[in-house]
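The values are calculated or read from the model by the stated rules, or taken from the named source; none is laboratory data. If you're wondering where the values come from, they're calculated on a predicted model, not measured in any experiment. In this analysis, Cβ positions are derived from the backbone assuming ideal geometry, glycine residues included, and neighbour counts consider all displayed protein chains.
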Amino acid sequence: MATHRVYEDDGLHFRLVETLDRAAEIPPEAEVAPAFPTRFWYMASPYRKYPLGIEAASKAASQFAAALFDRGIQIYSPIAHSHEIARYTTLGPMDDAWLAAQIPFMTAAKGLIVAKISSWDISTGIAWEKTWFSERGRPIFHLDDPLPEQLPGGLKP
C-alpha cells in the first residue's frame, strides 16, 4: 500500500494537508509534490518573435536561466526546458498547445520572472503568462540582466 501526501497550494506556498494510505482517496488534482524544497520561479522569455530565430531564443533563455540558477534562484524556463523536446514532437515548436502545457508549471511556480531580452515586449506568450500570473496575484519581476548588482528583495534565494 502506497503512502501519498496531499498538498494545498495557496498561491505562494505548498502546505501538507494530509497523508493517505489508499490511492483511491486522493483526488487526481490534489496530488502535487513541490519540485524543490523551496518553490521555483517560472521564467518567461521570447521565442517565436525573437529576431535571431528560435534556436537563438532557446540559447538566450538557457543562458539567462543558468545565470539566475548560479545566483541560487531556482528556475523553470519553458523555452530552455522544452525547446529541444519540441524538435521531436508532432506538435513542432510553434504550436499553441505548448502554452497550455505550461499551466501545471505555472501553477506550481511561486511567481514569474520576465527575462527582458530582445522582443520580450512584443511576445504574445509573455503577455499571456504575465496576465495569468497577475490574475492570480502572484509576484512578477522584470529583469534586464540575470546578474543585477542587487536582486529584487522577493528574488533572494
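Residue-by-condition table, conditions (1) of a type in the set (Val, Ile, Thr); (2) loosely packed, with under 15 Cβ neighbours inside 10 Å; (3) touching a Lys or Arg at 6+ places or on another chain (Cβ under 7 Å):
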position: Asp70; (1), (2), (3): no, yes, no
position: Tyr76; (1), (2), (3): no, no, no
position: Asp96; (1), (2), (3): no, yes, no
position: Leu112; (1), (2), (3): no, no, yes
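Are any residues in region 44-81 of a type outside the set (Gly, Ala, Ser), more than 13 Å from the chain's Cα centre (by Cα) and either in a loop (DSSP other than H, G, I, E, B) or modelled with pLDDT of 90 or more (or both), and if so, which ones?
Once the filter is applied, which keeps residues that are of a type outside the set (Gly, Ala, Ser), more than 13 Å from the chain's Cα centre (by Cα) and either in a loop (DSSP other than H, G, I, E, B) or modelled with pLDDT of 90 or more (or both), region 44-81 yields Pro46, Tyr47, Arg48, Lys49, Tyr50, Pro51, Leu52, Lys59, Gln63, Phe64, Arg71.
Could you check region 83-108 and list, in sequence order, the residues that are at pLDDT 80 or above, assigned to a helix (DSSP H, G or I) and either closer than 18 Å to Ile140 by Cα or touching a Gly at 6+ places or on another chain (Cβ under 7 Å) (or both)?
Within region 83-108, the subset at pLDDT 80 or above is 101-108.
If we keep only those that are assigned to a helix (DSSP H, G or I) as well, we get 101, 103-108.
Those that are at pLDDT 80 or above, assigned to a helix (DSSP H, G or I) and either closer than 18 Å to Ile140 by Cα or touching a Gly at 6+ places or on another chain (Cβ under 7 Å) (or both): Ile103, Pro104, Phe105, Met106, Thr107, Ala108.
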